[in-house]
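Data block below; observations after.
The values are calculated or read from the model by the stated rules, or taken from the named source; none is laboratory data. No experiment lies behind these values; they were computed from the predicted model shown. Reconstructed Cβ throughout: ideal geometry from the backbone, glycine too, with neighbour counts over all protein chains shown.
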Amino acid sequence: MLKIENLHVRVAGKEILKGLSLTMNPGEVHAIMGPNGAGKSTLGNVLAGREGYEVSAGTVKYAGADLLELAPEARAAAGVFLAFQYPVEIPGVNNTYFLRAALNAQRKVRGEPELDSMQFLKRVREKLAVLHLKDELLHRAVNEGFSGGEKKRNEIFQMALLEPKLAILDETDSGLDIDALKMVADGVNAMRDPARAFVVITHYQRLLDYIVPDFVHVLADGRIVESGDAGLAHKLEEHGYAWIAERKLGHGVSAGAA
Amino acid sequence: MAAAALLEEFGPADARERDESWRYSRTALRALAQQEFVTADVHASVDAALRERFAWTQTDGRRAVFVNGVFSAAHSDLNAIAASVQLRHDAAGDDTEHRAHLAINGDCAEPLHLVYLGLPGAAPCRWSAVLDIAVTHGHARLIEHHLGAAGSDVLGALRSRMTIGAGATLHLTAICDLADSTSLYHRGDATLAEGASLLTTHVLLGGRLQRHDVGVALAGAHSRFDSRGVFALRGRQHADTHMDIRHVARDTACDVLWRGIADDRSRGIFHGAITVAKGADGADAQLSNRNLLLSALAEIDTQPALEIHADEVKAAHGATVGQLDERALFYLRSRGIDVAEARRMLVGAFAAVALDRVEQPWLRAHLGALLAPRVGTENA
């Protein structure tokens, strides 16, 4: 479904990703962990198509297509979704209007019939219940005046509504209390499906107690330096990222000697 | 004609002050002044396409139409005008300044629609008119609707004096929907008595040069002025608004919120001056002006000016000129909304904030429809 090979990305002239490779299949949940500044959010933004991220080498294939060639809206229509680390407040744009415009724009590109307001609202109500979000949020402007937790839950609510094939969660757990964290995890788990893949970017292992990943990757200095199963997250929690750095140093020395 | 002579005709003011206030529009004014204008034909015909732009079903029976400054009985429809509303007008002369008097002495639930048409002739032409509005009591509602038809140049000048009596309210929506060949000078001076309120919403679109001088004297205690406005310009359109609000009496309030959008090579100017006179304690003055540049060649100049001579005053003002928020644009696009639609949503939302004082949903819909094509930003 997603194949990233030797991806190099520069942001404002500085190389952030330095040869990242990752392969994902439908139905899988991959956690990306790593220290601050490792390039975790850069990965999410590059996959979603944000401007200002210069790909200097490497390829990203998604469902057989060159993902990097697509505009952000085309990626969305093709099933890519990024849950933002910092959801943007958009005053004056009504949340319901925005969501319906987004869903119908995607459906139109895919050649599916657009939903009328009754069909749309029915779908909205179903998804709201799962995220324990209040109806009232729908009448407000996009993310405006939402608490930190509401913003993150709203991201997951949008994901539930848009039903992407590849969902990237960029530190969706940051700033959440334990109850909100559980709601977010419930929302994600309810969507786990053999046809859908998730990239869960997180700093802490805590979220992975609730969203149990199939694979855990450690991203450090722009590359994936270690991959394993869910157990790797626990090891990291125990030993810290320094442990990986030391092991890689040892590995580097031996590689250099070879 | 010299630009100064043209300005002189627009109304008396201190010459140096006036010169300074025209600083951003001087070039546009000089270009106008160099042109020859003949007196506009007050019997010019109104075609069906133009008529459609103002013949709103919601204002049928309450519409007064002025052709190049002169009241036109043929185009007006005043069958359902409220008993509390009286409109008088001087008979059309050839070259005099045309005067209309509007007296309102009671509530009017639905607005009276005053339509000023700037109609071109064979040669560039100009008109000049005066409108006096007196609201003695009750809640008056007015739409002042300036429309320009494309063709040779038309330069209109309207001076409007408003007096709002004790406890009375005037709700005024001013729409200036001008052609690129239309210029309009508009001076509106309002005096508010004790407890009076003036609520205005300006929607300024198009125009070779449109200049609005708005003077408001909060002369009575507890009087209040709420001003909302938005301009949306493109091509080489030019709109310049100067607001001069004077808190004279105690416990007066003003709340000014304007939005500006400029695309292509257009130019927008907003100058908001608020003066709190000595002794006008308890004044509350709020001014906010935010602007959006949609092209590297567009220009917006904004200047809030606050002058306070009283002691207990609450005042806040802010002005910004910026570009579309790239983060917001990416957020919308990442959800599947294409770039053109995402821009329309953001610019539309930016402008819509200035329509919050418009009471009638149908009027809001008309204004939204006028604004929608102006926020399309197809060049971006």
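For the stretch B:251-278, which residues satisfy the criterion of being more than 17 Å from B:V230 (Cβ to Cβ) and either buried (at least 24 other Cβ atoms within 10 Å of the Cβ) or touching a Phe, Trp or Tyr at 6+ places or on another chain (Cβ under 6 Å) (or both)? Answer for the stretch B:251-278, where residues must be more than 17 Å from B:V230 (Cβ to Cβ) and either buried (at least 24 other Cβ atoms within 10 Å of the Cβ) or touching a Phe, Trp or Tyr at 6+ places or on another chain (Cβ under 6 Å) (or both): B:T252, B:C254, B:I274, B:V276. Among the criteria (1) closer than 30 Å to A:A83 by Cα; (2) free of Cβ contacts under 8 Å to residues at least 12 places away in the same chain; (3) more than 24 Å from the chain's Cα centre (by Cα), the one B:A340 does not fulfil is (2).
For (1) touching a Gly at 6+ places or on another chain (Cβ under 7 Å); (2) closer than 30 Å to A:Y241 by Cα, each residue gets a yes or a no:
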position	(1), (2)
A:K14	no, yes
A:G39	yes, yes
A:Y53	no, yes
A:L82	yes, yes
A:N94	no, no
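Inspect all residues belonging to the stretch A:43-51 and state whether any of them is surrounded by fewer than 19 Cβ atoms within 10 Å (Cβ to Cβ), at the interface with chain B (Cβ under 10 Å from one of its Cβ atoms) and part of a helix (DSSP H, G or I). No, the stretch A:43-51 contains no residue that is surrounded by fewer than 19 Cβ atoms within 10 Å (Cβ to Cβ), at the interface with chain B (Cβ under 10 Å from one of its Cβ atoms) and part of a helix (DSSP H, G or I).
Kindly indicate whether any position in the stretch A:137-144 is away from chain B (no Cβ under 14 Å) and either among the aliphatic types (A, V, I, L, M) or assigned to a strand (DSSP E or B) (or both). Checked against the condition, which is being away from chain B (no Cβ under 14 Å) and either among the aliphatic types (A, V, I, L, M) or assigned to a strand (DSSP E or B) (or both), the stretch A:137-144 yields at least one hit. Taking the stretch A:77-99 as the range and being in contact with a Ser or Thr (Cβ under 7 Å, 6 or more places away or on another chain) and either more than 7 Å from chain B (Cβ to nearest Cβ) or among the basic types (K, R) (or both) as the test, the residues that pass are A:A83, A:Q85.
Could you go through the stretch A:20-42 and let me know if any residue there is within 14 Å of another protein chain (Cβ to nearest Cβ), touching a Pro at 6+ places or on another chain (Cβ under 9 Å), in a loop (DSSP other than H, G, I, E, B) and under 26 Å from B:I337 (Cα atoms). No.
Among the residues of the stretch A:55-67, is any closer than 25 Å to A:A102 by Cβ, surrounded by 14 or more Cβ atoms within 10 Å (Cβ to Cβ), modelled with pLDDT of 95 or more and within 14 Å of chain B (Cβ to nearest Cβ)? Within the stretch A:55-67, one or more residues are closer than 25 Å to A:A102 by Cβ, surrounded by 14 or more Cβ atoms within 10 Å (Cβ to Cβ), modelled with pLDDT of 95 or more and within 14 Å of chain B (Cβ to nearest Cβ). One residue stands out among those in the stretch B:310-341 that are small (G, A, S) and farther than 20 Å from A:K151 by Cα: the one that is nearest to the other protein chains (Cβ to nearest Cβ), which is B:A340.
Would you confirm whether any residue within the stretch B:321-341 is assigned to a helix (DSSP H, G or I), in contact with a strand residue (DSSP E or B) (Cβ under 6 Å, 6 or more places away or on another chain) and more than 21 Å from B:L233 (Cβ to Cβ)? Scanning the stretch B:321-341, I find at least one residue that is assigned to a helix (DSSP H, G or I), in contact with a strand residue (DSSP E or B) (Cβ under 6 Å, 6 or more places away or on another chain) and more than 21 Å from B:L233 (Cβ to Cβ), so the answer is yes. Taking the criterion of being of a type outside the set (V, I, T), within 22 Å of the chain's Cα centre (by Cα) and more than 12 Å from chain B (Cβ to nearest Cβ), the residues of the stretch A:105-128 that qualify are A:K127, A:L128.
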